[in-house]
Amino acid sequence: MAWDPAVYTAFAQPRLRPAQDLLARIETGTPGRVVDLGCGTGNVTRLLAARWPQARVIGIDSSPEMLAVARGGGGAEYALGDMGDWRPEAPVDVLFSNAALHWLDGHGALFPRLLAMVAPGGTLAVQMPRNHAAASHRLMAEAAEAGPWRRLLMPSATRIPVFEPSFYYDLLAPLAASLDIWETEYLHVLEGDDPVVAWTMGTALRPLLAALEGHDDWRDGFLAEYRRRIAVAYPPRPDGKTLLPFRRLFLLARRASL
Ligand SMILES: C[S@@+](CC[C@H](N)C(=O)[O-])C[C@H]1O[C@@H](n2cnc3c(N)ncnc32)[C@H](O)[C@@H]1O
């Protein structure tokens, strides 16, 4: 599934805010090694480098398109890699991931493995969207069910990418010296025509549209069904802007110092 940096960064500011909020909660001294897993275009990686200028900051991503933009912006090292099997050369002081780990399955094994990569006294810091019960995502599944494209879009349209906060608590509490998990529902204020569809086009719709490649009629039909439902669920406000409530899960797990 290819990523399109221009489509993703069309909403750069509201997408950056959760990363800033997560970064602000990390309490650490002077980390030597900082890794940004699923770094995308490097917008967040550069914030990490600015916060810890003494650190070696490395962004990892599996998309050559996103990495090309990241490298163009500089500010850190970038490497092609798959978060699913990536291993650090040495333990990491801050292992950070914003809006990326929900693309991987198997969180029950993944999160303890990630925490084990963190150095003593270091921090695993993660933000993942948990909006799959909201209309923006529920209506994707409805539109996927509504036509002959159904067999290509299921089960990807009904995948649950992120579990309840208690799932992550039970998993990490026995392994962490301290654990802070919270959720925030942002109220994104979007401008332009059809902005909710433009937003999901950059992320959650991507696997569905990839599954419809080579089936242009079905792609158009599915998108029309989705657009129609979204227009009803997210009407513009009197000022012409559209509100997109969006829930995200945050997690800070700290390893005991030696
Ligand atoms: C929604 S973007 C977030 C990018 C960045 N963290 C940010 O906050 O701007 C998700 C990123 O995860 C990357 N990604 C998805 N699956 C991946 C995998 N298995 N391994 C590495 N990167 C992956 C994508 O290429 C994409 O750049």
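Readers should treat all values here as calculations from the given coordinates under stated rules, not as data from a laboratory. Predicted model only: the values in this text are computed from it and were never measured. Methodologically, a virtual Cβ is constructed for each residue, glycine included, from the backbone with ideal geometry; neighbour enumeration extends over all protein chains shown.
Summary of values
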{"item": "Additional length obtainable on full extension of the chain from Glu164 to Thr184, 0.36 nm per residue less Cα span", "result": "5.9 nm"}
{"item": "Sum of -39500 (n - 2.57) over DSSP H runs of 4+, divided by residues of the chain (222 nm, nearest 500)", "result": "-11000 deg cm²/dmol"}
{"item": "Total formal charge among the other residues, if their Cβ is under 9 angstrom from that of Gly121, Lys/Arg +1 and Asp/Glu -1", "result": "+1"}
{"item": "Acute angle (nearest 10 degrees) that the helix 216-233 long axis makes with the longest principal axis of the chain, alpha-carbon atoms", "result": "80 degrees"}
{"item": "Neighbour-limited loop hits for GluC sites (Glu not before Pro), the stretch 65-136 (at most 10 other Cβ within 10 Å; DSSP other than H, G, I, E, B)", "result": "Glu89"}
{"item": "Residue among Thr45, Thr203, Trp86 farthest towards the positive dipole end of the chain, charges placed on Cβ", "result": "Thr45"}
{"item": "For the chain, size of Cβ-based charge dipole, Lys and Arg +1, Asp and Glu -1, in debye", "result": "420 debye"}
{"item": "Computed over the chain, the ratio Rg/Rh where both radii use C-alpha atoms and Rh is Kirkwood", "result": "0.98"}
{"item": "Gain upon complete extension [Lys241, Glu213; 0.36 nm per residue less C-alpha separation]", "result": "6.9 nm"}
{"item": "Dipole axis of the stretch 1-121 (+1 Lys, Arg; -1 Asp, Glu on Cβ), positive-most option in Ala6, Ala24, Gly72", "result": "Ala24"}
{"item": "Theoretical FRET efficiency, 1/(1+(r/R0)^6), r = Cβ-Cβ of Ala79 and Asp105, R0 25 Å, to 0.05", "result": "0.65"}
{"item": "Cα long-axis angle, helix 107-116 against the chain (0 to 90 degrees, to the nearest 10)", "result": "30 degrees"}
{"item": "Normalised contact order of the stretch 125-258, rounded percent, pairs of Cα under 8 Å and 6 or more residues apart", "result": "47 percent"}
{"item": "Percent of beta bridges antiparallel (DSSP, the stretch 5-254, rounded to nearest 5)", "result": "55 percent"}
{"item": "The stretch 1-156, relative contact order in percent, only Cα pairs under 8 angstrom and at least six apart counted", "result": "22 percent"}
{"item": "Length released on extending from Leu175 to Ser156, taking residue separation times 0.36 nm less the Cα-Cα span", "result": "3.7 nm"}
